[in-house]
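Single-structure report; data block below.
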Amino acid sequence: MEQAVELTMQRKVSKGDEAEVKWPPVTSRRGLARRMDIRSARRIIVRNANPLLRSSFSLIASSFDGLAIMLAALVSGSFYHAAVYGSPPVLEPLIQMGGMTALIVIIANVVRGDYAIAKYLTSDGHVLRQFKIWNMALVGGTVFAFLTKTGDIFSRGTVLAFYTLGFLFL
């Protein structure tokens, strides 16, 4: 057993000489400062992820997105209403607005495959993707409120506060 451990910590050089090698091996030019590349770490996480985690990650991530959007709707509506009118707001319309927007965001992310672990761990264009989806969801929610004639419940200030706070929460 000790020989197997020793062999993993050493490598054979030409003519059978043995030399010690630092573990893990250096894979980049920057050498000792960065032993592992971020991409290889992501690949290791995705490859070695527990199957239960892999299958439930989408559900967990979408639940957190939905909760963040609902929280943003409640916080922005409550604070705006308390600051402008000095009284607590009616929470039912805020919950409906947050729920409808959260549903649009979650469906768009599921369709695009943004809740897959590999795509979720990459930061390439993540903010831009979320910005596009957030704008689409808010426009969709506004159109839905107009078509159902429920848009008069929300003030412009509440919608602007929800737009800003919701994007920051995502």
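The values are calculated or read from the model by the stated rules, or taken from the named source; none is laboratory data. Computed from a prediction, not measured in an experiment: that's the story for all the values here. Counting neighbours? That spans all protein chains shown, and the Cβs are built from the backbone with ideal geometry, glycine included. Note: accessible area is taken over every heavy atom of the protein model, side chains too, but ligands, DNA and RNA are not part of it. Shrake-Rupley method; radii C 1.70, N 1.55, O 1.52, S 1.80 Å.
For the reader, a short list of remarks on this structure follows.
- For the residues PHE162, PHE131, the requirement of being assigned to a helix (DSSP H, G or I) and open to solvent by less than 30 Å² (accessible area, probe 1.4 Å) singles out PHE162.
- The single condition among (1) assigned to a helix (DSSP H, G or I); (2) open to solvent by 50 Å² or more (accessible area, probe 1.4 Å); (3) over 16 Å from PHE64 (Cβ atoms) that GLY140 does not meet is (2).
- Condition check for SER123 on (1) under 14 Å from the mean Cα position of the chain (by Cα); (2) hydroxyl-bearing (Ser, Thr, Tyr); (3) within 21 Å of TYR80 (Cα to Cα): one failure, at (3).
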